[in-house]
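Novice: Starting off with a structure, shown below.
The values are calculated or read from the model by the stated rules, or taken from the named source; none is laboratory data. Given the structure is predicted, the values throughout are model-derived calculations rather than measurements. Positions of Cβ are backbone-derived with ideal geometry, glycine not excepted, and every protein chain shown enters the neighbour counts. Note: accessible area is taken over every heavy atom of the protein model, side chains too, but ligands, DNA and RNA are not part of it. Shrake-Rupley method; radii C 1.70, N 1.55, O 1.52, S 1.80 Å.
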Amino acid sequence: MRVFVTGATGFIGSAIVRELLDHGHEVLGLARSETAAASLAAAGATPQRGSVEDLDSLRTGAAAADGAIHTAFFHQFSHASRRTRLRVMLGGSPRNIVPRFLAAMLAADRGAITTIGSALTGPDRPLVAAFGTMALSPGRLGTEEDDVDPAAAGGARGATERAMLELTARGVRTSVVRLPPVVHGDGDRAGFLPRMIGVARKNKISCYAGDGQNRWPAVHRLDAANLFVQALEKGEAGARYHAVAEEGVPVRDIAAAIGQRLDLPVASATAKQVTSQFGFLAPFLGVDNPASSASTQHHLGWEPTHRPLLDDLEQGTYFGQ
């Protein structure tokens, strides 16, 4: 199968590309730069120049493929096009710039999904897209059967998950892979763990919110990559799968592991400290987000095999060692 992959040089996407190639597939990977294109070519994939906002490039890439995996999502302001950045900056009060940027992120994601899915006409040309377990209701074990909770910390992405169901109704074999807040492993430079480590180093203390007993599910990126490929190859239309290896690791335990590795004290942060120190992570730090992958493992035969989160921290993967 020839597979079009967005986010193909990212932390998760690059692992998906390797997994696809190891499974005997051809890969056409979206590349925003010459450096990204060269990296894809070196890995054995064919680069497709463009971005998640370049709908013509997305349409061309999907039309040339037998299926697609969508993981691209601009998490940083610099990832957006110049036109989008200007629209966000000049679109109103500076105090509302974050909500405007969030709206632009979600609009780009929905546009990309709709464009890719519309190009995948014909029998059995699957589309798999990434979403997050943080869009589920907090404080209870989330399952694949659960719908997005609009009031959840990540609930704003519910509209893009619904876009996948709209494509399913039009005959595209879509499936969703929900990723936990912690996808860990070598090469993670922008996720939740690097942010927590950076804050700890800067402030000389490793912090958590409240009593720290809120739980985050976790998965190694190589296990997640394997699930994306399994969903592509044999996922059911309209299905939701959970890339969850550990149902819920207490955030206090994560902070403690960071503190131990950096030889720093561990303590609860006040609400004001969480807001000022943790940036994009602040709304999520205190969320209780346990999630199950029992249905995913049963239906796809997926079995996580790589080392768990706290072992990754103990091994020094995130500390330049």
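Novice: Rounded if a/c is under 1.5, else prolate if a/b beats b/c, else oblate: with a ≥ b ≥ c from the C-alpha gyration tensor eigenvalues square-rooted, which is the range 1-67? Display every interim value, and only then the final one.
Specialist: Working: a/c = 1.78, a/b = 1.17, b/c = 1.52.
Since a/c reaches 1.5 but b/c is at least a/b, the shape of the range 1-67 is classed as oblate.
Novice: Could you pull out every residue, at least 5 positions away or on a different chain, whose amide H is within less than 5 Å of the one on Arg240? Hs are placed 1.01 Å off N in the peptide plane, and Pro or chain starts have none.
Specialist: For Arg240, the qualifying residues are Val176.
Novice: P(r) for the range 271-321: what percent of alpha-carbon pairs falls in each 5 Å bin, starting at zero?
Specialist: 4, 14, 11, 13, 20, 19, 11, 5, 2
Novice: Relative contact order of the chain, please, whole-number percent, based on alpha carbon pairs below 8 angstrom and at least 6 residues apart. Mind showing how you got there, number by number?
Specialist: Values: 646 pairs, mean separation 55.5, N = 321.
Relative contact order comes out at 17 percent.
Novice: Which whole-number percentage describes the relative contact order of the range 41-181, with Cα contacts under 8 Å and a sequence gap of 6 or more? Spell out each step's value before the answer.
Specialist: Details: 182 pairs, mean separation 35.6, N = 141.
Once normalised by length, the contact order is 25 percent.
Novice: How much accessible area per residue does the range 134-226 have, counting only protein heavy atoms and a probe of 1.4 Å, in square angstrom? Write out the running numbers ahead of the final one.
Specialist: Values: 3720 Å² over 93 residues.
It amounts to 40 Å² per residue over the range 134-226.
Novice: Please identify the helices of the chain, taking whole runs of DSSP H, that span at least 18 Å along their own axis as judged from the Cα atoms and have a mean Kyte-Doolittle score of 1.0 or higher.
Specialist: Working: long enough: 97-119 (33 Å, 1.03); 221-234 (20 Å, 0.10).
Helices meeting the criterion: 97-119.
Novice: Right, another one. Out of the total accessible area of the chain (probe 1.4 Å, heavy atoms of protein only), what percent is carbon and sulfur?
Specialist: Details: 7270 of 14210 Å².
Carbon and sulfur together cover 51 percent of it.
Novice: How high is the FRET efficiency from Arg170 to Arg59, r the C-beta distance, R0 22 Å, rounded to 0.05? Mind dumping the intermediate values first?
Specialist: Numbers: r = 16 Å, r/R0 = 0.71.
For Arg170 and Arg59, the calculated efficiency is 0.90.
Novice: How long are the semi-axes of the equivalent ellipsoid of the chain, defined as square roots of 5 times the Cα gyration tensor eigenvalues? Whole Å, largest first.
Specialist: The three semi-axes for the chain are 31, 22, 20 Å.
Novice: So for the range 106-198, Kirkwood radius off the Cα pairs, Stokes-Einstein at 4 °C and 1.567 mPa s: how many µm² s⁻¹? Present the calculation step by step, with values, prior to reporting the outcome.
Specialist: Working: Rh = 14.6 Å.
D = 89 µm²/s.
Novice: Nothing charged except the Cβ atoms of Lys and Arg (+1) and of Asp and Glu (-1): what's the magnitude of the dipole of the range 1-73 about its Cα centre? Round to the nearest 20 debye.
Specialist: Numbers: 5 positive and 8 negative charges, 8 e Å.
Dipole about the Cα centre, nearest 20: 40 debye.
Novice: Out of every Cα-Cα pair in the range 32-181, what percent are more than 19 Å apart? Don't skip to the end; give the middle numbers.
Specialist: Working: 6520 of 11175 pairs.
Percent of Cα pairs beyond 19 Å in the range 32-181: 58.
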